[in-house]
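The values are calculated or read from the model by the stated rules, or taken from the named source; none is laboratory data. Keep in mind the model is a prediction, meaning the values are calculated, not measured. Here the Cβ is made from the backbone with ideal geometry for all residues, glycine too, and neighbour counts use every protein chain on show.
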């Protein structure tokens with residue numbers, strides 16, 4: 001999954017591009033619901049904080065986990081998952097605000113909608 005995260009820090013825009021590979025193990029029950037859990041592998045492609053230089057990300061490759069569940073409505077599926085990295089992955093800000101660190105592996109909720117052909 002290609003992901004672009006946009007957020008802000010102290011009034012400045014922070015952008016990060018990454019590839020995520022969740023490997024989820026799931027179970028369907030009552031023909032209507034499903035649940036899943038598993039590791040999520042992440043590779044950071046690019047980080048950018050507007051008008052401020054950023055050092056390289058500590059680790060371009062990290063591992064986290066996802067857990068979630070969903071609802072199956074015929075050919076349409078809806079799921080909600082929670083993702084968290086096993087360890088933080090920092091990027092250092094250089095220049096006027098030197099010494100500040102941002103965690104590129106945030107806790108996040110992901111809402112997904114799918115359609116089966």
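Scan the range 58-75 for residues that are loosely packed, with under 13 Cβ neighbours inside 10 Å, touching a strand residue (DSSP E or B) at 6+ places or on another chain (Cβ under 9 Å), assigned to a strand (DSSP E or B) and modelled with pLDDT under 95 and jot them down. Passing the criteria: only 61.
Can you name every residue in the range 8-34 that is at pLDDT below 85 and surrounded by 10 or more Cβ atoms within 10 Å (Cβ to Cβ)?
Filtering the range 8-34 for residues at pLDDT below 85 gives 8-18.
Correct list: 8, 9, 10, 12, 13, 14, 15, 16, 17, 18.
May I ask you to verify whether residue 48 is over 18 Å from the mean Cα position of the chain (by Cα), part of a strand (DSSP E or B) and modelled with pLDDT under 90?
Values: over 18 Å from the mean Cα position of the chain (by Cα): no; part of a strand (DSSP E or B): yes; modelled with pLDDT under 90: yes.
When the stated conditions are applied, residue 48 does not pass them.
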